[in-house]
Amino acid sequence: MKIARSVSELRLEGEVGLVPTMGALHAGHISLFERARAENDVVVASLFVNPAQFDEQADLARYPRDAARDEEVAEQAGVDVLFAPTPEEMYPPGFATWVDVQHTGAEGDARPGHFRGVATVCLKLFNIVRPARAYFGQKDAQQAIVVRRLVRDLNLGVDVRVLATVRDADGLALSSRNVQLSPAERERALGLPRALAKAAESGDPVAVARAELNGLDPDYVELLDLDGATLLAAAVRVGSTRLIDNVLVKGALP
């Protein structure tokens, strides 16, 4: 596996599959790498903790990082090129061009500026890597919605693939932030996937999910449309850790 730390080091040939990540890789990322490996000539994973998508500097500072482990995981999963730029490489002095995203739903309302950072870095990655396909997880459904709209609105010609959420045996959606949970907090956090799963089978998913959260105070509970699939999504805070999750209510992931 080649590790590129600057744009000038990237030399790619053939159809490219891109998996954007912020590191702290887990089995959910591996599922994206494996799908990309099966569908493309070259697999590129980005490893970049994007400061532009954090609305709280404390959250950015706490985000888990282990570059050596991430490099090992990516190589074992069949990644050909790991693009691991510095913030200065992605946002050089004088950088002043941003993608202003409208209608970002409750997640965007809860995190002002977050999707501006997501859309801008994704546009940059698409222009740098020139992938045929890009891979995202269902857990970050609102992000996938924003990226698909970005691709459509700006005619980027990238096929955005969304893969089903990977969960631990207890049902908690895999997330890089899960390592921040204490054992007691993790037990509380299980109320989120349990509430969503029960609500998805009901006639009023939003109301049932709110009632079933058992003391977890949500930032939001809402229904999302992902190109014809209906998802029930929620965000909660458990201690100092913010978790998001969603389940399919109707349709199938496009």
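No lab work stands behind these numbers, since they all come straight from the coordinates. Note that this is a predicted model, so its numbers are computed, not measured. Heads up, the Cβs are rebuilt from the backbone with ideal geometry, glycines too, and the neighbour counts pull from every protein chain shown.
Computed per residue of the chain from DSSP H runs no shorter than four, each worth -39500 (n - 2.57), the mean residue ellipticity at 222 nm is -10500 deg cm²/dmol.
The reciprocal of the average 1/r between distinct C-alpha atoms defines the Kirkwood hydrodynamic radius, which for the range 26-73 equals 12.7 Å.
Mean-square fluctuations from a GNM of the chain, with a 10 angstrom spring cutoff on Cα atoms, peak among Ala211, Ala36, Ala134 at Ala211. The phi-based Karplus calculation (6.51 cos²θ - 1.76 cosθ + 1.60; θ = phi - 60°) puts the 3J(HN,Hα) values of the range 157-162 at x, 10, 7, 8, 9, 10 Hz, whole numbers, x for Gly and Pro.
Sorted from longest to shortest, the spans of the Cα atoms of the chain along the three principal axes equal 52, 38, 37 Å. The Cα center of the range 50-95 and the Cα center of the range 176-212 differ in position by 28 Å.
Place a point 7 Å from Cα of Met1 in the direction of its Cβ. Which residues in the range 53-83 have their backbone N less than 14 Å from it? Within reach of a label on Met1: 66-83.
When the chain is treated as a GNM with alpha-carbon contacts under 10 Å, the residue of Gln138, Gln180, Gln76 showing the greatest mean-square fluctuation is Gln76. Place a +1 charge on the Cβ of each Lys and Arg in the range 1-123 and a -1 charge on the Cβ of each Asp and Glu, then give the dipole magnitude about the Cα centre in debye, rounded to the nearest 20. In total the dipole reaches around 120 debye. Sequentially through the range 35-47, phi angles give Karplus couplings (6.51, -1.76, 1.60; θ = phi - 60°) of 5, 4, 4, 6, 10, 9, 6, 10, 10, 10, 10, 8, 10 Hz, Gly and Pro residues having no value and appearing as x.
So for the chain, averaging the separation of alpha carbon pairs under 8 Å that are six or more residues apart and normalising by length, what relative contact order in percent results?
Computed over the chain, the figure is 18 percent.
Against the chain, whose longest principal axis comes from its Cα atoms, helix 114-129 is set at around 30 degrees. Mean 1/r over all different Cα pairs, inverted: what Kirkwood radius does the range 87-192 give, in Å? It works out to 15.8 Å.
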